[in-house]
Amino acid sequence: MLDRIHQIPAVLLGADDYLDDFWPSYRRTDDVVWKLQRVQGFDAAAGPGALVQGDWERSLKLAGDGRAAAAGFARRRLRIVEPCITSYLRWEMHVLASRGQVREEVRVLAAQQVADLEIDRRLPELVVLGTSVMYEVTYDALGAHSGARRIDDQEVIAACRGELDKLFAAGETLEGYYEREIVPLTAPRVPT
């Protein structure tokens, strides 16, 4: 099902409409919140401000300052990674590692582990709020967030949650991946 999300009927939401729709739905979440991430990087103009400005250390500090206590439901993130680690992915991994398990459980899968699901196209960026709503997050050609497709079909959501569970079980812990692949790297050079 994850490989066919783009074919599922959905309500199209612009970036502002997505956020307006997301937060009330998030507060009503009745089960695990899932995030599936596949995009490896974004256009510099769309990335985190301090990182875009070339200030690696400041960007990590600002991201760490945004920590918040976990809500009353489980949150799981599944991050698909390519062999060539982008500056954005390195930044994101540092941010996720700095949060530890405070916000969510994170697992990492290599792109080749999902190759059978990506025959026609890459897996979507998804946010699944419990059993009630799922968003396919969308980006424009430059990598800027452009909104989402809201899917309310309960059978589709259940099928996707089942597939996410299996992929999550096959994934590596964030800690293992971070220590092996990210820690040895130097701070990225970010164009200003």
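The values are calculated or read from the model by the stated rules, or taken from the named source; none is laboratory data. Because the structure is a prediction, the values reported are computed rather than measured. No Cβ is skipped: glycine too gets one built from the backbone with ideal geometry, and neighbour counts run over all protein chains shown. Heads up: the accessible areas ignore ligands, DNA and RNA and are worked out on the full protein's heavy atoms, side chains in. Shrake-Rupley method; radii C 1.70, N 1.55, O 1.52, S 1.80 Å.
Below, the figures for the structure above:
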{"read-out": "Mean accessible surface per residue for the range 73-187, computed with a 1.4 Å probe while every protein chain stays in place, in Å²", "value": "46"}
{"read-out": "Calculated FRET efficiency for the pair residue 159/residue 84, C-beta based, R₀ 35 Å, to 0.05", "value": "0.65"}
{"read-out": "Furthest towards positive pole of dipole, 127, 106, 162, structure part the range 95-164, Cβ charges", "value": "106"}
{"read-out": "Length released on extending from residue 186 to residue 145, taking residue separation times 0.36 nm less the Cα-Cα span", "value": "12.0 nm"}
{"read-out": "Percentage relative contact order, the range 73-192, counting C-alpha pairs under 8 Å, at least six apart", "value": "29"}
{"read-out": "Label point distance in nm, residue 169-residue 17, each placed 7 Å from Cα along Cα→Cβ", "value": "3.8"}
{"read-out": "Per-peptide average of other Cβ atoms within 10 Å, ordering 20-31, 84-95 highest first", "value": "84-95, 20-31"}
{"read-out": "Relative packing of peptides 107-113, 153-159, 128-134 - highest average C-beta neighbours within 10 Å first", "value": "128-134, 107-113, 153-159"}
